[in-house]
Amino acid sequence: MTQIGALLLQWQRHAHECEVKRAEEWHRNLRWGTDHIVAGGDVGLLVGVSVLDALDDEPDLPKSDSALIDSILAGVFPDTSDSGAEENYNHQQEEGGAPDDPDH
């Protein structure tokens, strides 16, 4: 009986450690994508928005993390209330430039 309890505890600890590592990696990717957006330029903006879009599609994403992504994207595309910022970026490109593109 003691062995079963120890095995359950070990399994529970492993599951918790995996979840913590997943959350840490998710936040590193969020930071990486945001850094690309802040760095500017068309490629950086597209890469950053694509990363945030992929992170936003993760199953079981807490609402607070989804709201964080939406806030970041709202700062990039203020006229967008949805996280469909990549489509807005593509539309901006078709019209001659990204919102922060000083050449257009």
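Stretched out straight at 0.36 nm per residue, the stretch from residue 11 to residue 38 would grow longer than its current Cα-Cα span by 5.7 nm. Residues in the range 46-63 carry Karplus couplings, in order, of 5, 5, x, 5, 5, 5, 5, 5, 5, 5, 5, 8, 5, x, 6, 6, x, 4 Hz; the curve used is 6.51 cos²θ - 1.76 cosθ + 1.60 with θ = phi - 60°, and Gly or Pro positions show x.
Let me check I've understood the local charge: for residue 26, count other residues with C-beta under 13 angstrom from its C-beta, Lys and Arg +1, Asp and Glu -1. What total comes out?
Numbers: positive: 21, 22, 28, 31; negative: 19, 24, 25, 56, 57, 58, 60, 65.
Charge balance in the 13 Å sphere: -4.
How much length is gained if the chain between residue 63 and residue 3 is pulled fully straight, taking 0.36 nm per residue apart and subtracting their Cα-Cα distance, in nm to one decimal? Please report the intermediate quantities before stating the final value.
Values: separation 60, 0.36 × 60 = 21.60 nm, distance 3.82 nm.
The residue 63-residue 3 span can extend by a further 17.8 nm.
Among 7-15, 62-70, 49-57, how do they line up from the highest to the lowest mean number of other beta-carbon atoms within 10 Å?
Going from most to least packed, we get 49-57, 62-70, 7-15.
Any read-out appearing in this document is the output of simple, stated calculations on the displayed coordinates, not a laboratory observation. These numbers come from a predicted model, not from an experiment. Don't worry about glycine lacking a Cβ; one is built from the backbone with ideal geometry, like all the others, and counts go over all protein chains shown.
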